[in-house]
Structures are given as structure tokens and as C-alpha cells.
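The values are calculated or read from the model by the stated rules, or taken from the named source; none is laboratory data. Just so it is clear, the structure is predicted and the values come from calculations on it, not from any experiment. Note that we place each Cβ from the backbone using ideal geometry, even for glycine, and neighbour counts take in every protein chain shown. We work out accessible area using only protein heavy atoms, side chains counted, and drop any ligands, DNA or RNA first. Shrake-Rupley method; radii C 1.70, N 1.55, O 1.52, S 1.80 Å.
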Amino acid sequence: MSIVWTTEQVLALSPDANSTKSGQQLATANKWNNLGSNAAALWGECQGSGKSPYRTQIDLSEPAFRCSCPSRKFPCKHGLGLFLLFAAQPDRLTAADPPDWVQEWLEKRSQTTQKKQTAASDKPVDAAAQAKRIAQRETKVLGGLADLDRWLRDSVSQGLAALQTQPYRYWDATAARLMDAQAPALAKRVRGLASIPQSGEGWPQRLLAELGSLHLLVQGYQRLSTLPAAVQAELRSQIGWTVKQDELFSLANQSDPTVERCSDQWWVLGRRVLEEDDLQLCRVWLRGETTGRDALLLSFAHRSQALDCPAWPGTRWSGELVFYPGLFPLRAAILSRDVSSTTWSQVPAGMQNTCDEAIAHYRAAKAQNPWLPLLPMLLDGVVPLHREDQWELVDADGFTLPLEISARRGWSLLAVSGGRPIQVFGEWDGSRLVPLSVGAEGSWILMESLL
């Protein structure tokens, strides 16, 4: 492995401050048995509250973690503790061949990767079967959109003030109809409208903008057959029509014009983990060093399962991505990756933007895709500022961007900067930036790891 892990880099992988503290307490050899390592992995057994010790293992190529403990955090405190011990005292882990329980896991991971990369050639897209499924679903979707169109017109004709008094069932009934019509993404957006009238100052503008976006989507979908392929793909995505990863790889290998492949040195800039109902979602953002291309990797897991992170912020690696079809496509999947090329380094100069440049880029992206919910921003030379109960980033030209951040994280961000210009990476939704990572004094720090 070309990457040499330090304590600071391992701590950057922590999902939260509590995990950091617990992991540091476990980063001592006397809390572990059967410690071992080789060029590919680390492993050890840590005695917990149960009868059997927790078996913890780390695949160094990602890195990827697995532990037999019941924690849903990823990595858990045992994974962090083992990794911290390795970073500080690598000689405490005996060089050896991995035991069976580690070897089986590594082989399974390798087989899964190979299956994903060969899925395209093994499973060519059945065009006839696909067309039949599409036709059946289109009928349901169009029926649901017709109902949504009438509901939108009725809602606007009542006046926005009347919508502020509507009970939740007013929004939920329409959302349920869209679920029946196999348009789950639209159903989620309609349910989300219910909270806007109670969201404070400026809610009429926000609600009208959302209603207008839905209206545009309905009008576009009802004219789907007359639109370019990329627009069709985007509209289907907006209603909740997913493309499976093996199908995406098949389309890429068949040189489908709606699917783009891109090889580059990819910098992993940030991640965000969210929970909704029984599902965990991890968003990981990349930027190509040569192309400047932004990419979004998504992974999902049930709340009872460990959530796998497809790439770790602060690292860089060589690989090829394939992008899901659509307008201004951001979501991608890893088609191939050279794990031996993985290094840890701060993002070099030239890949960042000023606040003004970042906003101009967002406007251009929004012009291409009016339904674009988020855009990644990598800003350089910005200073956190607390003013009138609002956190902001200000650059050298005095341009400011408002932040969506808790007071505690805001003060932590200010402490990291020390009042000096820093790099900040985050998600911009058109009005506020959610900071995900910070670059300062040669370190790349995840916001979720700050107190």
C-alpha cells in the first residue's frame, strides 16, 4: 500500500465525537487479543460485555471495516480503536497470514467487486423486456401525474394563504396516490411541502418555487417522448425511476450515448450520512484532478446494518467512474479503481473556487438541470464568521455565503480556522451551504468528527 495512515487521518474517519473518544480508549494493545496484520488487512479480537469477544477486521485497500459488535456506526469504536493502534504502534500487530474469518471476508469482498465489474458483459440489457416494463410503469405514472397536475392547479387557485391552514392529510393523500402510481420520489417531495408553510419568514416564496418545480416536472413528463434522451432520463429519475448498477455498467460497455465514463485521479472531498425511516444513506463527493468533474457516490443500508462508505474523504485514487444518465449528471458508480494508487493528501491549489465563482457555477448547473437539488462546493480562502445569530463564510473580496450548521459545529469550525482563511467543502442547496469537510494546515477534517 502506498498510503501510510497517521493518527490524525484515522480520526478523520470517525462518524462522531463519541466514537472518537471511545476509539481512543480502545487504542491500546492490552484491550486486544490475536492482533495481526499483513499488507491487505488488520484484525483483532476485543472483549466486550458479552461472552465472546468482538472480531474486528479492516481491509486496508478502501479502507473497509467489519466488526461483530451490534453497533450501527461505521466504523464502530472497535474499528477505530484497532486502526488507531495500528497507526501509532504498528509493531503491536503481528505480521501473519489472516485467520479464516478474516480471509473469508476479504475473498467475499474481492468476489463482489469482480462481479460488479463484470456484470456488464455477463448480463447484457434485454431491450425487449426492458421496453415492456417501461411501458407498464409509464401508464401508472401518467395517471398519477394527471392527478398531481389537477391538485397543483387547485392548490394554487386557493391561494398560498389557504395552504398554510391545510392539515397534513391534505398533502399525504396526494403523496399516497403518487406512491400507488410508482412515483416515490414525487411522493416524497409532496410530503415535504407540508412543512414549508410553517418554516418561517419567506415561506410563500419557497412554497411557490416548489410547486412551480413540480408543475414543470409534470409538464415535461407528459411530453416525454418528444424530449432528448438525457431529459427523459432526468425526468424518470425525478419521479423515482432507478437504474440498477449492473444495468448502468451494461449500458456503459455498450457505449450507450446517455451514459458517460470518466477516468481520472479522484479526490474524495466529503461525505454526509443521513437517516430516514429505516434507511441509512451515505453521500460521498469526489472531484477529478484533471477533468475537474464532480461526482456523487451513494450507498444505502438498513438501520440495523453497518453502512459501508464507498470512499474516504481526504484520500485520492485512480479509477474510472460511470455516471447515471440525466441532465448535468452527478451521481456515479465506480467502474474500476486502482487501490494501490490510494494516497492521503490535501486538495491541491487550482481545484477550489472563490464564493463568487462557486455561485456562478451553481447558476450554470441549475440552468442545465432546473431540478438539481444540491451542488458540491469546494471553497478556498474563506473565514467562518458569526454575525446576528447566523454563521457565514466570507472570502477576501467580502463575498459571503450563509451556512446551515449548528451553533456547536459553527464554533468548532471557527476554532479550526483560528480566524485564518481555510478550505471548506460542502453541499449548496441554493440558499445555504452545509459544510462537510475542512482543510487547514495540511489536514483534511470531517465536520462530523468535530465536537
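Summary table below
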quantity	calculated
Option label - mean projected area of the Cα convex hull in nm² computed here, alternatives (1) 29.1; (2) 21.7; (3) 23.9	(3)
With at most 13 other Cβ atoms within 10 Å, longest stretch of the chain clear of loop GluC sites (Glu not before Pro) (DSSP)	1-200
Charge dipole magnitude, Cβ of K and R +1, D and E -1 - region 132-245, Cα centre, debye nearest 20	460 debye
Whole-Hz couplings from phi, Karplus 6.51/-1.76/1.60, listed for region 25-31; x for Gly and Pro	5, 8, 7, 9, 5, 6, 9
Dipole of the chain, positive end: most advanced residue of 58, 239, 386 [Cβ charges, Cα centre]	239
Folded to 0 to 90 degrees: helix 229-239 orientation relative to the chain principal axis, Cα	80 degrees
Cα pair distances exceeding 12 angstrom across region 154-210, given as percent	65 percent
Accessible surface of residue 16 - all protein chains present, 1.4 Å probe, nearest 10 Å²	40 Å²
Distance (nanometres) between label positions extended 7 Å along Cα→Cβ at residue 38 and residue 261	3.2 nm
Computed magnitude of the charge dipole of the chain (debye, nearest 20; Cβ of K, R +1, Cβ of D, E -1)	980 debye
Selection from 282, 208, 179 lying farthest towards where the dipole of region 173-315 points positive, charges on Cβ	208
Residue 225 versus residue 111: modelled label distance in nm, points set 7 Å from Cα along the beta carbon direction	4.6 nm
Estimated [θ] at 222 nm from DSSP helical runs (n ≥ 4, -39500 (n - 2.57)) normalised by residues in the chain, nearest 500	-12000 deg cm²/dmol
For residue 194, net neighbour charge (Lys/Arg +1, Asp/Glu -1) across residues whose Cβ lies under 14 Å away	+3
Table column - 3J(HN,Hα) (Hz), region 44-58, Karplus curve with 6.51, -1.76, 1.60, x for Gly and Pro	x, 10, 10, 6, x, 7, x, 6, 9, x, 7, 8, 10, 8, 9
Excluding exposed DSSP-loop trypsin sites (Lys or Arg not before Pro) (at most 14 other C-beta within 10 Å), longest clean stretch of the chain	52-222
Qualifying chymotrypsin sites (Phe, Trp or Tyr not before Pro) for region 22-92 [loop in DSSP, other Cβ within 10 Å: at most 14]	none
